[in-house]
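The values are calculated or read from the model by the stated rules, or taken from the named source; none is laboratory data. Being a predicted model, the structure only gives us computed values, none of them experimental. As a convention, Cβ positions derive from the backbone with ideal geometry for all residues, glycine included, and neighbour counts pool all protein chains shown. Heavy atoms of the whole protein, side chains included, go into the accessibility calculation; ligands, DNA and RNA do not. Shrake-Rupley method; radii C 1.70, N 1.55, O 1.52, S 1.80 Å.
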Amino acid sequence: MTHSNTDSFYTSKEFHTFFENSPRSLVLKADAPRFTILAVSDTYLNLVHKQRREILGKGLFEAFPGSEGDPSEQNSVQSSFMRVIATRVPDELPIFKYEIVVDNTGRKETHYWTNLNEPILDEEGNVAYLINTTTNITGRIRLEQAVEESEARFRIMAEGTNIYIAMADQESNAIYFNQAWSRLTGRTVEDLMAYSWVDLLHPEDKDRYLKIYLDAFKVKGPFHGDFRILNKDGEYRWLLADGSARWHTDGSFAGYVSASIDITEQKQSEQRKNDFISMVSHELKTPLTSMKSFVQVLQRKAQKDGDELTVSMLDKADKQVSRMTRLINGFLNLSRLESAGIFIDCKHVDLAELIKEAKEDALAHISSHQVVFAPVEPTIVNADPDKIAQVIQNLISNAAKYSTPGSTIQVACVAQDGKAVISVKDEGQGICKEDLPKLFERYYRVENNESRHIAGFGIGLYLCCEIIKRHEGNIWAESELGNGSTFYFSIPTVY
Ligand code: ADP
């Protein structure tokens, strides 16, 4: 830009009226080192908290003492002006830090500005004036500083802990592992990110855990799962991971952050406990079996002798022995499940047939309740008949256990949307909402006055759940406290 007029143009009333509303800041005379202020915009006055009359006509650095900066420094206002004068091309200071007095108490704030200086040439082509545009970027810089600080805080926290922290982007690519991961695996963070964490998973856990992990990306909800991972000494350690979805500030999904802890000791002590329960159950089973046969021999003898009192006492003893055998069998099933898993031997079966057997069993063993079997539709499923019969029997015996004698238990089997749905409904004490989702956990028992005197270890429903899971099915309960419960399970039908 060139202009042939002298200062009078920039100090004219018309120019001032025009410039005061301009987004630019100052018109300065290129009279280094004074840089006389010839015109000032309102935007600039707002920015520097000054009145026009305080600065107009003054040298820039006289109006703002200390703002010139070190002339030998690239990022100083003075050196920017000198560059424009020497080169005749615009010059920009991308971040210019300034301590500004913001009110009449003399309070100072650090502001960050960008500073653009453009030349106006005279007829000889020399820089006669400078147009300065100062923009306040304090907000953006503070936000960037806050983000940097929060990242630094996260890193200090993540690097200084023995919890294994990792992050993935929205496509499930690993983008961060903390040092704890490197210490555990003996691999560099780069190595772990190049997908090698997956190679370190125990072959038996890999598919199961990756399914939990990758399924979470579809629903973007929290995930929770355990797995074994090879450590630097070639041993497997058990980790328990908790993952939370991460979100960008615009609300879009950013991926996951996971925190994992080492649960090897807990797993080992759980294993020792399972081994102990299994050993004790085995040891108890043998004397119980002999006891049962002795009771039965004595019962036959007492019957022969016509000793009714002894017969009835032995009958009670026999029932107690059977009850104890059932409890012990529950533990044995549990430890078998945990050590080797349940072996499922599937074939095509009609659930109506299994329910018929359950009916005969109920008629023989449950005299305290009225057990109704309706409706029962023929439904062909691919299932292990013994295991499914065990589930049905368990649900019926729970219904009898947790409801008052004389009430009705209704068992039904219907075909619905490609599934067989079996339900066992009782008129018992019911279950409160908070307990419902936990019933199928191992050792979970509802603690209340009614159930306190009912014997059990909280493993029946856990076993049912494991069996149904292995049939690609679902198991759940619906109930209201005081209004009975209905337990359901569904498995896919074949036809
Ligand atoms: P157990 O009966 O041996 O304690 P289960 O795993 O079979 O173990 O059941 C777990 C818990 O669920 C029971 O302790 C009981 O509190 C509750 N429960 C199961 N079935 C019923 C039912 N039909 N009505 C009310 N509560 C039930």
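Key figures for this structure:
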| item | result |
| --- | --- |
| Of the criteria (1) assigned to a loop (DSSP other than H, G, I, E, B); (2) modelled with pLDDT under 95, which one Ala362 fails | (1) |
| Boolean, Cys432 is open to solvent by less than 90 Å² (accessible area, probe 1.4 Å) and under 21 Å from His365 (Cβ atoms) | no |
| Qualifying residue in the range 146-155 (condition: of a type in the set (Asp, Glu), over 24 Å from Lys58 (Cβ atoms) and not in a helix (DSSP H, G or I)) | no |
| Any hit, the range 345-363, residues being over 30 Å from Val494 (Cα atoms) and surrounded by fewer than 16 Cβ atoms within 10 Å (Cβ to Cβ) | no |
| Test set (1) surrounded by 14 or more Cβ atoms within 10 Å (Cβ to Cβ); (2) under 23 Å from Cys464 (Cα atoms); (3) at pLDDT below 95 - Leu284 fails condition number | (2) |
| Hits in the range 446-468 - residues which are in a loop (DSSP other than H, G, I, E, B) and of a type in the set (D, E, K, R) | Glu447 |
| Selection from the range 401-436 of residues that are within 8 Å of the ligand (Cβ to nearest atom), at pLDDT below 95 and acidic (Asp, Glu) | Asp435 |
| Check on Ile120, β-branched (Val, Ile, Thr) and assigned to a strand (DSSP E or B) | yes |
| Unique residue being modelled with pLDDT of 85 or more, assigned to a helix (DSSP H, G or I) and surrounded by fewer than 17 Cβ atoms within 10 Å (Cβ to Cβ) when the list is Ser368, Ser322 | Ser322 |
| Any chance Tyr195 is more than 30 Å from Ile37 (Cα to Cα) and within 19 Å of the chain's Cα centre (by Cα) | no |
| Residue match in the range 472-494 (condition: modelled with pLDDT under 95, within 28 Å of the chain's Cα centre (by Cα), more than 9 Å from the ligand (Cβ to nearest atom) and not β-branched (Val, Ile, Thr)) | yes |
| Members of the range 48-66 that are out of contact with any helix residue (DSSP H, G or I) (no Cβ under 6 Å at 6 or more places or on another chain) and within 18 Å of Trp113 (Cα to Cα) | Val48, His49, Lys50, Leu60, Phe61, Phe64, Pro65, Gly66 |
| Looking only at the range 437-471, and only at residues there that are free of Cβ contacts under 8 Å to residues at least 12 places away in the same chain and surrounded by 13 or more Cβ atoms within 10 Å (Cβ to Cβ), the one that is farthest from the ligand (Cβ to nearest atom) | Lys469 |
| Single unsatisfied condition, Ala259 versus (1) under 30 Å from Asn231 (Cβ atoms); (2) open to solvent by 100 Å² or more (accessible area, probe 1.4 Å) | (2) |
| Lone unmet requirement of (1) open to solvent by less than 40 Å² (accessible area, probe 1.4 Å); (2) farther than 25 Å from Tyr488 by Cβ for Ser339 | (1) |
| Given (1) assigned to a loop (DSSP other than H, G, I, E, B); (2) on the phi < 0 side of the Ramachandran plot; (3) more than 60 Å from the chain's Cα centre (by Cα), number of the condition Leu38 does not satisfy | (1) |
| Restricting the range 67-85 to residues that are more than 14 Å from Leu116 (Cα to Cα) and either outside the structural domain of Arg34 (by TED's automatic domain parsing) or among the charged types (D, E, K, R) (or both), the residue that is most open to solvent (accessible area, probe 1.4 Å) | Glu73 |
| Lone qualifier among Tyr443, Tyr462 - being at pLDDT below 90 and among the hydroxyl-bearing types (Ser, Thr, Tyr) | Tyr443 |
| Lone unmet requirement of (1) in contact (Cβ under 8 Å) with a residue 12 or more places away in the chain; (2) closer than 27 Å to Arg470 by Cβ; (3) over 42 Å from the mean Cα position of the chain (by Cα) for Ser368 | (2) |
| Members of the range 86-104 that are free of Cβ contacts under 8 Å to residues at least 40 places away in the same chain and among the β-branched types (Val, Ile, Thr) | Thr87, Val89 |
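Let's see how each residue does on (1) of a type in the set (Lys, Arg); (2) in contact with a Leu (Cβ under 6 Å, 6 or more places away or on another chain); (3) free of Cβ contacts under 8 Å to residues at least 40 places away in the same chain; (4) within 22 Å of Gln170 (Cβ to Cβ):
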position	(1), (2), (3), (4)
Tyr195	no, no, yes, yes
Asp199	no, no, yes, no
Asp207	no, no, yes, no
Leu239	no, no, no, no
Ala245	no, no, yes, yes
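So that you can scan it fast, the table gives a plain yes or no per residue for (1) assigned by TED's automatic domain parsing to the domain that holds Leu481; (2) touching a strand residue (DSSP E or B) at 6+ places or on another chain (Cβ under 7 Å); (3) among the charged types (D, E, K, R); (4) under 24 Å from Gly473 (Cα atoms):
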| site | (1), (2), (3), (4) |
| --- | --- |
| Lys301 | no, no, yes, no |
| Asp315 | no, no, yes, no |
| Ser322 | no, no, no, no |
| Phe331 | no, no, no, yes |
| Ser368 | yes, no, no, no |
| Tyr402 | yes, no, no, no |
| Pro405 | yes, no, no, no |
